[in-house]
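Report on the following structure.
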Amino acid sequence: WTHTRWNVLDRVPGGGLALRLGRLVRGTVSARWHRACGRTVVLDRVANEHIILGSADPSIGGRLLRGASSRLMPALDRVAVLDAPSSVLGSRTDEYAPEQLERQRRRYLAFARRTELATVVDVTHSPYEVTNRLRELVAAA
């Protein structure tokens, strides 16, 4: 999600929430349409990721988004959890502090242990190997 000066709704009270809800509905409709057409749908970070990360935004908007995403998202056939040590992730981006990266990593790995749909993919291998592993997972779904 990119915030730019062209997002007029970002400057209006409740506009950011409207943008996120619109994105959720658009993505859900698109995923359901392509699945109905028999196509393979691959989602990067599903909308109900809050279940995995344990988001606890107590605001009305946060509760609304959690409820909407839990009800709208299609059922998943397979989940690929891309895993790397937090030191590797930290060297690739400075978006999050190392402690936060490790906390998120532990939550994703705990989620992967709890569900049969999840497969952990080690992304410290070469991009070619990771891509091939992900292709295998998609083909098997």
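Descriptive notes on the structure:
- Taking amide H atoms as placed 1.01 Å from N in the peptide plane, the amide H of residue 79 lies under 5 Å from those of 118, 119, each 5 or more residues away in sequence or on another chain.
- Each of the chymotrypsin sites (Phe, Trp or Tyr not before Pro) that DSSP puts in a loop and that has at most 11 other Cβ atoms within 10 Å breaks the chain; the longest unbroken stretch is 7-141.
- Annotation: extensible slack from residue 34 through residue 76 equals 13.8 nm (criterion: 0.36 nm per residue apart, minus Cα-Cα distance).
- Of 36, 118, 110, the residue with the greatest mean-square motion in the GNM of the chain, using alpha carbon springs below 10 Å, is 36.
- Longest segment of the chain lacking trypsin sites (Lys or Arg not before Pro) that sit in a DSSP loop with at most 15 other Cβ atoms within 10 Å: 79-141
- Helix-only CD estimate at 222 nm, as mean residue ellipticity for the chain, using -39500 (n - 2.57) per DSSP H run (n ≥ 4): -17500 deg cm²/dmol
- Loop-resident sites, region 61-141, for GluC sites (Glu not before Pro), counting at most 16 other Cβ within 10 Å (DSSP): 95, 116
- Taking the C-alpha atoms of the chain, convex hull volume expressed per residue in Å³: 145
Rule-based calculations on the coordinates, nothing more; no lab input. Bear in mind that the values here come from a model prediction, so they are computed numbers and not experimental data. Cβ atoms come from the backbone with ideal geometry, glycine included; neighbour counts cover every protein chain shown.
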